[in-house]
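Undergrad: Below is a structure I'd like to ask you about.
What follows draws every value from the coordinates through simple rules; no lab data is involved. If you're wondering where the values come from, they're calculated on a predicted model, not measured in any experiment. Counting neighbours? That spans all protein chains shown, and the Cβs are built from the backbone with ideal geometry, glycine included.
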Amino acid sequence: MTPAIKIAGLTKAFGNTQALAGVDLEIAEGQFYGLLGPNGAGKSTTINILTGLVRKDAGSTAVFGRDTVTDFRFTRSQLGIAAQELSIDWFFPIEKLLAFQAGYYGITEKQAQPRINELLERLGLAKKRESRLRHLSGGMKRRYQLAKALIHDPKIIILDEPTAGVDVELRHELWDYLREMHQAGKTILLTTHYIEEAELLCEEVAIINEGKIIKKGNPQQLTSELGRSGITINISGWKESLNSLLAKYTCTDCDAGRLHFTMRNPEQALPEILKILVTNGVHIHRVEMEKSSLEDVFLSLTGKGIS
Amino acid sequence: MDSRINWVGLMTLIRREVGRFFSVYRQTVLPGLISSTLYIMVFGFTLQQRIAEIDGVSYTIFIIPGLIMMNTLTNASANTSSSMLQMKLLQQLPDILTAPLSSLEISLAYIIGGTVRGTVNGILVMLLGIALVGLPLHHPLMTVGFIIMVSWCFASMGLLLGQLADTWDQLAMLNNFFLTPLSFLGGIFYSIKMLPDWAQTISFINPIYYMINGLRFTTIGVYDSPPFISFIMALLMTIGFSAAAILLMQSGKKIKQ
């Protein structure tokens with residue numbers, strides 16, 4: 001099956017800075033895909049090349065198997081883009097701006113009106129349809145940005161840091177809406193440096209750092225493969241004989257009153273450790289389990305934090 | 001969408017460009033009318049008492065083609081240059097550049113928007129001249145056609161400069177240091193025959209002189225240089241600026257990274 005998005009060997013330099021150093025990415029139709037990386041890693045450059053805002057140095061970008069440069073009319077009509085930067089317009093009300101946006105995609109104002117009404121209603125902007133963008137709050141501008149990306153009902157939605165700078169409530173609202181769109185069959189490419197966002201929403205993630213994809217996979221697989229989960233148990237009644245019984249677990253910070261094990265799958269190991277301790281007369285006062293996150297994955301791959 | 005031309009997209013962008021300047025007509029249409037009225041009253045009515053007729057035409061009527069041209073070309077160039085720079089600075093340009101619109105369609109939409117503004121302003125000043133001092137129109141169709149061509153020419157120039165500019169200061173420099181001086185020195189208020197020889201020679205390298213000269217012929221029927229030279233100059237400049245603006249847009253050099 002032809003992938004929704006295929007990027008191969010993509011490179012781009014801005015002056016002496018190598019922004020992309022050979023990015024390869026393949027996103028299946030209907031997938032919720034996350035491009036995860038710190039600021040300046042190359043996320044926006046990658047999607048800006050895909051959408052035609054930045055010219056690539058080398059490599060190829062295709063949407064549903066068609067080249068984004070030579071076949072730009074087709075590929076761009078498949079993409080809906082919510083950019084990170086919020087645009088400003090002084091002249092027209094947002095309803096008119098959405099009609100213009102639809103027009104750029106070949107949809108007349110009359111044809112677009114039902115879709116405009118639906119999106120304004122769904123995104124809580126119906127009462128602001130006559131307002132200029134500058135009169136909207138930051139959250140409303142972000143929602144308008146999403147409405148603009150969806151106005152031509154694209155098959156692929158590209159969201160560049162969609163929740164950057166928004167409050168927690170709106171973030172959750174936007175997440176719900178993104179899930180809804182995904183369930184409706186849309187392919188979604190999300191760039192973010194919010195770990196939680198990628199873990200909650202994405203089926204697959206690619207971790208990008210210094211212009212290179214350094215790891216791809218399912219978030220759960222990645223965290224279990226590369227994360228640093230652990231178990232901490234506060235006890236009394238330690239016995240030396242337990243050393244051999246617990247030898248197969250890595251006890252990284254242990255003394256007579258506190259045991260700390262580092263492992264990839266603490267959920268699986270915890271019952272057995274507790275059983276060994278209890279059957280040997282150890283009193284357990286407190287158990288803490290640390291779940292690994294993509295942050296740990298990034299840390300273990302690059303030696304630094306993501307945000 | 002696979003069609004050769006995105007007609008709906010093109011028309012939408014034209015409507016946006018035209019709607020943009022009409023929505024702020026107090027900034028984009030009225031000032032030209034007010035300043036032209038003042039020029040006619042202050043320069044025309046007062047100096048007419050002291051300046052004899054030029055080529056058999058009263059001084060007030062003589063200056064009106066120049067005023068029409070000045071309004072036409074400044075408005076046409078201001079529309080495209082300011083719209084392009086504003087879209088760059090306010091992050092609106094990505095909406096157009098990521099849409100299925102070709103560079104040619106984007107360029108044409110901007111140029112047509114600027115042409116409409118230049119033409120509207122030029123024709124309004126022409127109507128003002130007819131209403132206030134009975135400006136004659138020797139060749140009405142040629143007059144309108146010439147105003148449209150000059151509007152297109154300077155709208156293209158504005159689009160070129162709007163792409164090249166990074167700040168409002170740079171655009172203001174274009175107006176203050178080039179367009180306004182060249183318009184005034186192009187013979188709005190005088191016939192170049194009134195100038196010494198050396199100044200006449202300099203006027204011949206001023207492109208705006210040819211625009212004013214051409215319109216003076218189509219309206220009041222007088223001219224300093226043969227009218228066909230004016231039309232050829234206007235045509236060559238229109239082709240040159242249009243090609244440069246479109247090619248720069250296609251290259252993406254100043255609007256894409």
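Undergrad: How tilted is helix B:207-220 with respect to the longest principal axis of chain B? Cα atoms for both, answer in degrees (0 to 90, nearest 10).
TA: It is inclined by approximately 60 degrees.
Undergrad: For chain A, take the convex hull of the Cα atoms, compute a quarter of its surface area, and give me that in nm², please.
TA: Mean orientational projected area (chain A, Cα hull): 19.9 nm².
Undergrad: Still on this structure: Using only Cα atoms and rounding to the nearest 10 degrees, what angle (0 to 90) does helix B:59-89 make with the longest principal axis of chain B?
TA: With rounding to tens, the tilt is 20 degrees.
Undergrad: Report, as a whole number in µm² per second, the diffusion coefficient that Stokes-Einstein gives for the protein assembly as shown at 10 °C and 1.306 mPa s using the Kirkwood radius over alpha carbon pairs.
TA: Value of D from the Cα-based Kirkwood radius: 57 µm²/s.
Undergrad: What residues of the range B:77-92 lie in the reach of a label at B:Asp169, counting those whose backbone N is under 19 Å from a point 7 Å from the Cα along Cα→Cβ?
TA: The answer is B:82, B:85-86, B:88-90, whose backbone nitrogens lie closer than 19 Å to the label point.
Undergrad: Now for a separate question. Would you kindly derive the ³J(HN,Hα) couplings of the range B:164-174 from the backbone phi angles with the Karplus curve 6.51 cos²θ - 1.76 cosθ + 1.60 (θ = phi - 60°), listing them in order in whole Hz, with x for Gly and Pro?
TA: 6, 6, 10, 9, 5, 4, 5, 5, 4, 4, 4
Undergrad: Here is a follow-up. State whether the range A:104-255 is rounded, prolate or oblate according to the following rule on the C-alpha gyration tensor (a ≥ b ≥ c being the square roots of its eigenvalues): a/c under 1.5 gives rounded; otherwise a/b larger than b/c gives prolate, and the remaining case gives oblate.
TA: Judged from the Cα gyration tensor, the range A:104-255 comes out prolate (a/c at least 1.5, a/b above b/c).
Undergrad: Now for a separate question. Give the shape of the range B:22-61 as rounded, prolate or oblate, defined through the alpha-carbon gyration tensor: a ≥ b ≥ c are the square roots of its eigenvalues, a/c under 1.5 means rounded, and otherwise the shape is prolate if a/b is larger than b/c and oblate if not.
TA: Here the range B:22-61 falls in the prolate category.
Undergrad: Which three lengths, in whole Å and largest first, does chain B cover when its Cα atoms are put on their principal axes?
TA: Cα spread of chain B along its principal axes, largest to smallest: 62, 36, 34 Å.
Undergrad: Here are some pairs, A:Lys56/A:Lys216; A:Lys127/A:Lys186; A:Lys96/B:Lys88; A:Lys43/B:Lys88; which of them have Cα atoms lying more than 25 Å apart in this structure?
TA: In this structure, A:Lys127/A:Lys186 exceed 25 Å between Cα atoms.
Undergrad: I would also like to ask the following. Most exposed first by the Cβ proxy, i.e. fewest other Cβ within 10 Å, how do A:Glu118, A:Glu169 rank?
TA: Neighbour counts put them in this order, fewest first: A:Glu169, A:Glu118.
Undergrad: In deg cm²/dmol and to the nearest 500, what is the mean residue ellipticity at 222 nm of chain A if only DSSP H runs of at least 4 residues count, each as -39500 (n - 2.57), divided by the residue total?
TA: Estimated from H runs of four or more residues: -11000 deg cm²/dmol.
Undergrad: Sort the range B:45-122 into rounded, prolate or oblate with this rule: let a ≥ b ≥ c be the square roots of the eigenvalues of the Cα gyration tensor; rounded if a/c is under 1.5, and if a/c is not under 1.5, prolate when a/b is larger than b/c, oblate otherwise.
TA: prolate
Undergrad: Still on this model: Going highest first, how would you order A:236-248, B:206-218, B:6-18 by mean Cβ packing within 10 Å?
TA: Final packing ranking: B:206-218, B:6-18, A:236-248.
Undergrad: With r as the distance between the Cβ atoms of A:Glu210 and A:Tyr177 and R0 = 41 Å, compute the FRET efficiency 1/(1 + (r/R0)^6) and round to 0.05.
TA: 0.80
Undergrad: Return the average number of partner chain Cβ atoms within 10 angstrom of each residue Cβ along peptide A:80-87.
TA: 3
Undergrad: How high is the relative contact order of the range B:7-250, given as a whole-number percent (alpha carbon pairs under 8 Å, six or more residues apart)?
TA: Over the range B:7-250, the number comes to 26 percent.
Undergrad: A further question on this structure: How do B:Val116, A:Val63 rank when sorted from fewest to most other Cβ atoms within 10 Å of their own Cβ?
TA: Ascending Cβ contact count within 10 Å gives the list B:Val116, A:Val63.
Undergrad: Given N residues in the range A:174-214, what is its alpha carbon radius of gyration divided by 2.2 N^0.38 Å?
TA: Compactness ratio reported: 1.26.
Undergrad: So for the pair A:Ile284, B:Leu137, with labels modelled 7 Å out along Cα→Cβ, what separation do we get in nm?
TA: 9.5
Undergrad: How do B:Tyr110, A:Tyr105 line up, fewest other C-beta atoms within 10 Å first?
TA: A:Tyr105, B:Tyr110
Undergrad: Here is a further query. Go ahead and run the numbers for FRET between A:Glu196 and A:Asp24, Cβ-Cβ distance against an R0 of 22 Å, rounding to 0.05.
TA: 0.25
Undergrad: Given a cut-off of under 8 Å on Cα pairs at least six residues apart, what relative contact order in percent is computed for chain A?
TA: 20
Undergrad: Next up: Among the Cys residues of the protein assembly as shown, which have no other cysteine Cβ under 4.7 angstrom away?
TA: Among the cysteines of the protein assembly as shown, those whose Cβ sits 4.7 Å or more from every other are A:Cys202, B:Cys153.
Undergrad: Straight-line reach from A:Lys110: which aspartates and glutamates fall under 19 Å, measuring Cα to Cα and dropping same-chain residues less than 8 apart?
TA: The reachable aspartates and glutamates, counting only those whose Cα sits under 19 Å from A:Lys110, are A:Glu95, A:Glu118, A:Glu121, A:Glu130, A:Asp153.
Undergrad: Going by Cα centres, the range B:31-58 and the range B:155-216 are how many Å apart?
TA: So the two Cα centres are separated by 20 Å.
Undergrad: Based on the alpha carbon coordinates of the range A:40-106, what radius of gyration and maximum Cα-Cα distance (Dmax) apply, in Å?
TA: When restricted to Cα atoms, the range A:40-106 yields Rg and Dmax of 14.0, 40 Å.
Undergrad: Follow-up. Please give the Cα centre distance for the range A:106-120 versus the range A:261-289, rounded to the nearest Å.
TA: Answer, in whole Å: 59.
Undergrad: For chain B, with a Gaussian network of springs between Cα atoms less than 10 Å apart, report the residue from B:Leu73, B:Leu179, B:Leu195 with the top mean-square fluctuation.
TA: Of B:Leu73, B:Leu179, B:Leu195, the Gaussian network model singles out B:Leu195 as fluctuating most.
Undergrad: Something else about it: Going by alpha carbons, how many degrees (0 to 90, nearest 10) lie between the helix axis of B:7-23 and the longest principal axis of chain B?
TA: The helix B:7-23 is inclined about 50 degrees to chain B.
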